[in-house]
Amino acid sequence: MHYNKNIILEILQSNFGAEIESFVDCYVMDMDPGQLAGAFEQTVDYAVLDTIDEMDVVNFHVEKDITDEEMMDGIFYVLAMLEGYAYWGGEHVFVGSEEIELDFHFSFLKFNGKYSNFKMY
């Protein structure tokens with residue numbers, strides 16, 4: 001099969017969408033205020049994922065072995081809407097929503113028409 005960025009994106013979304021959303025959610029929750037400062041115009045202590053608005057494959061590579069197993073890896077980005085919060089007076093205060101671009105590496109296998117072993121970092 002001949003792959004392009006759109007085909008790889010479709011494979012990622014249709015086969016690994018739940019894993020991607022879960023990973024992005026955890027990634028956002030682990031971001032520190034310094035990482036969030038670029039996205040928000042005011043101090044934000046933490047953020048949570050609201051939605052993933054867009055995904056796009058930046059580049060990819062496909063390697064086929066003698067058993068016809070295909071290893072695919074590359075980089076994709078996610079445009080995510082984040083909700084920012086600050087601790088003020090002992091309370092969690094919503095300070096706003098911002099869209100941020102996050103880049104991730106991915107890899108997965110295709111064998112006998114099935115996709116597996118998805119990893120992103």
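Collect the residues in region 6-34 that are over 19 Å from M81 (Cβ atoms) and either in contact with a Gly (Cβ under 9 Å, 6 or more places away or on another chain) or aromatic (F, W, Y) (or both), keeping them in residue-number order.
Within region 6-34, I8, F16 qualify.
How do the pairs read when you match residues in region 88-113 that are surrounded by 13 or more Cβ atoms within 10 Å (Cβ to Cβ) with residues anywhere that are of a type in the set (K, R), using Cβ under 8 Å and keeping only pairs 6 or more apart or on different chains?
F106/K119; S107/K119; F108/K119
Could you count how many residues in region 66-87 are among the aliphatic types (A, V, I, L, M) and either open to solvent by 40 Å² or more (accessible area, probe 1.4 Å) or at positive phi (or both)?
Residues in region 66-87 being among the aliphatic types (A, V, I, L, M) and either open to solvent by 40 Å² or more (accessible area, probe 1.4 Å) or at positive phi (or both): 4 in total.
Taking region 37-67, which residues are more than 21 Å from H92 (Cβ to Cβ), among the acidic types (D, E) and out of contact with any strand residue (DSSP E or B) (no Cβ under 7 Å at 6 or more places or on another chain)?
Result: D65, single match.
Which of the following residues is modelled with pLDDT of 95 or more, open to solvent by 80 Å² or more (accessible area, probe 1.4 Å) and among the charged types (D, E, K, R): E63, E41?
The unique qualifying residue is E63.
How many of the residues in region 56-113 are hydroxyl-bearing (S, T, Y) and closer than 21 Å to A37 by Cβ?
Within region 56-113, residues that are hydroxyl-bearing (S, T, Y) and closer than 21 Å to A37 by Cβ number 4.
If you go through region 49-58 one residue at a time, do you hit one that is touching a helix residue (DSSP H, G or I) at 6+ places or on another chain (Cβ under 9 Å), farther than 21 Å from K5 by Cα, at pLDDT 95 or above and buried (at least 17 other Cβ atoms within 10 Å of the Cβ)?
Yes, region 49-58 contains a residue that is touching a helix residue (DSSP H, G or I) at 6+ places or on another chain (Cβ under 9 Å), farther than 21 Å from K5 by Cα, at pLDDT 95 or above and buried (at least 17 other Cβ atoms within 10 Å of the Cβ).
In region 18-38, which residue that is open to solvent by 60 Å² or more (accessible area, probe 1.4 Å) and acidic (D, E) is farthest from E54 (Cα to Cα)?
Ranking the qualifying residues of region 18-38, first place goes to D32.
Taking region 2-27 as the region of interest, how many residues are touching a residue at least 60 places away in the same chain (Cβ under 8 Å) and either of a type outside the set (S, T, Y) or closer than 19 Å to F111 by Cα (or both)?
Of the residues in region 2-27, 11 are touching a residue at least 60 places away in the same chain (Cβ under 8 Å) and either of a type outside the set (S, T, Y) or closer than 19 Å to F111 by Cα (or both).
The values are calculated or read from the model by the stated rules, or taken from the named source; none is laboratory data. None of these values were measured; they are calculated from a predicted model. Quick reminder, even Gly has a Cβ in these numbers, built from the backbone with ideal geometry, and neighbours come from all protein chains shown. Heads up: the accessible areas ignore ligands, DNA and RNA and are worked out on the full protein's heavy atoms, side chains in. Shrake-Rupley method; radii C 1.70, N 1.55, O 1.52, S 1.80 Å.
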